[in-house]
Amino acid sequence: MNYGPVANPLDPEPFRRWADEREAELAKSHEAPTKILAAELGLEERILYRWRHENKRLERDRVEDALERAGTFLWEVYGHQGPDIDEAREAYCRRCRDNVIVSRGRCPWCDDELTEAAKPRLWCERCDRILCPTDEGTCWRCGTRLRQIPWVECKCGCGREMPAFDPQGRRHEYLRGHAPRKLERSGEVPVEPFARYLERQLETIDIVAAVARAHGISREDVVRILRRDVESIDRQLVRRALWVAGRQGTGKGMPMRPDAVSFAELYPEEVRSRTCPGCGGGKAPHAELCKRCRVKRNRREGRRPPRAQSKLRSELVEEAYGLYSQGSSLMDAAEAIFERTPHRNVGSVAQALSREFKRRGWEVRRRGRVRAAQS
């Protein structure tokens, strides 16, 4: 049966060699290694049989997908000579001396016009690196004749071989999946570089700035306070600085550290003057007790707090009550005498009249009766 031309053909021999090695590994722990190998590649067993025994070129895209499903890169099986070079998108730049991706017919780095096809990268034994050869097949750095990239054994001890360099020119030591897990994401690094860095920080650290950062205030404020340039400072600045320093290193919303210095320890008299000895709440610094405790004490002792004296003269109160008793409203009576009082508005006069009427025992109409009379 004729299957037509194969796109991007590959030599089947490297794949056969890799499949034989992988099947030998699986045979150590499985009774049907060929079936397991086909499952790893995502192929039917008959397709795998054809790839391994028919002397036909293999399709690169299908082989690459199968190897990736098995956890292996194409270049690990074939190296990166030929199969990894895509002439449709790469070309050789004489100025950069390397294969580059074509960008509108020019090199993306030096902008030179690209006219040569990509060259296979070879290995320079003297430089111990892979690079594109010159026209004479030598290294453009040292002049040594280049050789094919050597194959080395995996460092895990499995015995499988691989190219000594990956397609990006990095030294390759382990096959994919064979490197120890501790090399993937190690949580530790050598201590010496960081220790040297901290020693340099200790030699050059600004102590004043460090104290300012720890208390959340500016460096200028710290210098001004240490020099005693002022006799007093803002109370809130001190409270805020001690609050920040006391919670440094703790989580958000956490209480102060047990060893932190509080505002009460530095200014006990200031805190005591603002604390009521009766209930422990706040009070004015000049007051003996807070208002609630003072009222309770006066009630226990049978004293009433002094009341404010009225600013209305007695004759004005009598005149207003005369109008009020004749049917005028309290506001109308207050408006009649407003110009002769020290109050600032008519409403204030009306409140003062209401208090005076009640204090003198005069009859006062309720608000409902006034509204009924007006309606």
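Across all C-alpha atoms in segment 282-336, the radius of gyration and Dmax reach 19.0, 51 Å.
Normalised by residue count, segment 314-374 yields a Cα convex hull volume of 78 Å³ per residue.
Dividing the alpha-carbon radius of gyration of the chain by the rule-of-thumb value 2.2 N^0.38 Å gives 2.28.
In summary, the lysines within cross-link reach of LYS311, defined as a Cα separation below 26 angstrom excluding same-chain residues under 8 places away, comprise LYS291, LYS358.
For segment 314-374, the residue among PHE357, GLN326, LEU316 whose Cα projects farthest onto the positive side of the dipole built from Cβ charges is PHE357. With neighbour counts taken as other beta-carbon atoms within 10 Å, the residues MET162, MET331, MET254 rank, fewest first, as MET254, MET331, MET162. Sorting HIS53, HIS172 by the number of Cβ atoms found within 10 Å of their own Cβ, with the fewest placed first, yields HIS53, HIS172. Between the listed residues SER348, VAL211, THR275, the Cα displaced farthest toward the positive end of the dipole of the chain, a dipole computed from Cβ unit charges relative to the Cα centre, is found at SER348. Sparse packing (at most 16 other Cβ atoms within 10 Å of the Cβ) combined with a DSSP loop state is found for none of the chymotrypsin sites (Phe, Trp or Tyr not before Pro) in segment 218-326. Rg/Rh for segment 17-151 (Cα atoms only, Rh after Kirkwood) is 1.10. Counted residue by residue at 0.36 nm each, then reduced by the alpha carbon distance between them, the extension gain from ARG365 to ALA210 reaches 48.6 nm. Calculated translational diffusion coefficient of segment 1-72 (25 °C, 0.890 mPa s; Stokes-Einstein with Kirkwood radius over alpha-carbon pairs) equals 194 µm²/s. Shape annotation for segment 206-267: C-alpha extents along the principal axes are 35, 28, 17 Å, from largest to smallest.
Only Cα pairs under 8 Å and 6+ residues apart enter the sum, and on that basis the relative contact order of the chain stands at 6 percent. According to the Kirkwood relation over distinct C-alpha pairs, the hydrodynamic radius of segment 144-240 is 19.8 Å. Computed across segment 166-317, the Kirkwood hydrodynamic radius from all distinct Cα-Cα pairs reaches 23.2 Å. Other residues with beta-carbon under 14 Å from the beta-carbon of CYS139 carry, at +1 per Lys or Arg and -1 per Asp or Glu, a net charge of +3. Taking 29 Å as the straight-line reach from the Cα of LYS119, the lysines in range (excluding those fewer than 8 positions away in the same chain) are LYS56.
Charged side chains reduced to their Cβ positions (Lys and Arg at +1, Asp and Glu at -1) give segment 206-267 a dipole of some 220 debye around its Cα centre.
Any read-out appearing in this document is the output of simple, stated calculations on the displayed coordinates, not a laboratory observation. Just so it is clear, the structure is predicted and the values come from calculations on it, not from any experiment. Positions of Cβ are generated from backbone atoms using ideal geometry, with glycine treated the same way; all protein chains shown enter the neighbour counts.
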